[in-house]
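Scroll down for the structure; my scribbles are underneath it.
The values are calculated or read from the model by the stated rules, or taken from the named source; none is laboratory data. Being a predicted model, the structure only gives us computed values, none of them experimental. Don't worry about glycine lacking a Cβ; one is built from the backbone with ideal geometry, like all the others, and counts go over all protein chains shown.
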Amino acid sequence: MRRLYGKVFLGLFLIMMFAALGLAQTSDQNAFKESSGPEITVYNEDLALVKETRTLDIPAGIRALQFIDVPERIDPTSVSFKAGSETLRVLEQNYEYDVVSDAKLLQKFLGEKIKIIGIQGDSFEGYLLSTGDNLILASTPSGGEVRIVKASQVKSIIFPELPSGLVMKPTLVWLVQNTGKSGTYPVKVTYLTGGMSWKADYVATLNQADDKVDLTGWVTLNNQCGTDFNDARIKLVAGEVHQLSSDEVKPMKMEKYVLNEMANSDFKEESLFEYHLYTLNHTSTLKNNQIKQVELLTASSVPAKKLFIYNGVSDPKKVQVMLEFKNSTAANLGMPLPKGRIRVQQADGDGSLQFIGEDQIDHTPKDENVRVYLGSAFDIVGERVSTGVKEPAKNVREESYRITLRNHKETAVTVTAVENLNSWNEWKIVNNSHDYIKTEAGKAEFTVTIPADGETVISYTVRYKI
């Protein structure tokens, strides 16, 4: 059984959109001309909104119209039909998804007459009584001579016709009443479907000096909905839209960010209500079971710096290596970056690019820093120990720590030691060997320079009011 989607709440955004649209598209087994390619709005998480406008011949009176080649993952409760005439009215809508298969044919023909061709070329007819590993046939509808035909002996099965109720492809069927004249009418169909998603991926190439990166961003579209879309106009919305069961209501989470149009980008940005869409500048074909990539951005010589971060609470020995750059116009960027995976590469001594790490970045507004975790430093190690705990007064507690950072490189390095302090209590560092900055409510950072093949010791005492 194919997966069918229940009702989906898309918030005011889709309510407004559907209010402008109505109940959707059709085809009539007869002449059916497409007036424009489909428009597809793809969301981050397994959801797409599809809009198609077509022109078809609709006779006067009541007529059943078919819309074939709909996605297998369509949500039939979301289908909307809007006709270009007030004389058209949809009386009934059906979603036919019982697709023909050998098992379905055998099931439909239980009690009916079929013909079997054996692997030796022999043939015989009978009324099908049972299916499974073997077929059981009777000579008459009520019984008579009964024969068991082993499945391994069957070359082919001939059915007299295609039974009613089976379709070759998932199909929407409307019962339409036309109170006007017979003729051609433009109609628009709109529906939600699962099986489509998009994500952003980035590739950063770091130079030999570790101070500049070339950044390329790609949009990756994945179509697993069960049908092709030819010459589609594609729009992308950032966010996570949750589908609902009948007994739960989950909030819709949308991320708002603007994509500024860039000279090298295949996308442009437009505002819709309180959200922003990425619109591909050209039509594109999305085939079923296809992953398509389209360039989102390119930026060269983005100033960057390599950071060494030590967090002795989460990892007592290892020093993390980070790559940081600012998402600003001055840094050749300055556009909000959608969340996605970023892979970093760098050329070795022979000039060959080598993979040096990857990370996941979150939605990043313009003028904010991007930090990419690449791995652990090989030649820099740390050690963090508690050197004392005391309570000098009632509801006062003091904790002392010593952090030792050792550098086995032939050059000096700068390391930032991050201390996660108890943010639930009021705290103050009352004794410290090195300067620090308070970055968050429960974090203090000590940035020190460690000489080549040397070590630096940081000590401090924090006082909590409990």
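What to note about this one:
- Qualifying positions in the range 335-370 - exposed (fewer than 14 other Cβ atoms within 10 Å of the Cβ) and in a strand (DSSP E or B): Ala347, Leu353, Gln354, Phe355, Gln360, Asn369
- Residues of the range 118-128 that turn out to be surrounded by 14 or more Cβ atoms within 10 Å (Cβ to Cβ) and within 12 Å of Phe159 (Cβ to Cβ), as a count: 1
- Whether a residue is farther than 18 Å from Thr171 by Cα and among the basic types (Lys, Arg) was assessed, and Arg89 passes this test.
Each row is one residue, and each column tells you yes or no for (1) in a strand (DSSP E or B); (2) outside the structural domain of Thr55 (by TED's automatic domain parsing).
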| position | (1), (2) |
| --- | --- |
| Val79 | yes, no |
| Ser85 | no, no |
| Leu91 | yes, no |
| Ile114 | yes, yes |
| Tyr127 | yes, yes |
| Ala138 | yes, yes |
| Leu172 | yes, no |
| Gln177 | yes, no |
| Tyr185 | yes, no |
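- Per-region count, the range 187-200, residues crowded, with 21+ Cβ neighbours inside 10 Å, in a strand (DSSP E or B) and either small (Gly, Ala, Ser) or in contact with a helix residue (DSSP H, G or I) (Cβ under 9 Å, 6 or more places away or on another chain) (or both): 3
- The one condition in (1) polar (S, T, N, Q); (2) modelled with pLDDT of 85 or more; (3) under 30 Å from Leu135 (Cα atoms) that Ser101 fails to fulfil: (2)
- Among the residues making up the range 107-149, those that are out of contact with any helix residue (DSSP H, G or I) (no Cβ under 7 Å at 6 or more places or on another chain) and of a type in the set (D, E, K, R) are Lys108, Glu112, Lys113, Lys115, Asp122, Glu125, Glu145, Arg147.
- Residue in the range 325-334 that is within 22 Å of Ile458 (Cα to Cα) and crowded, with 17+ Cβ neighbours inside 10 Å present: no
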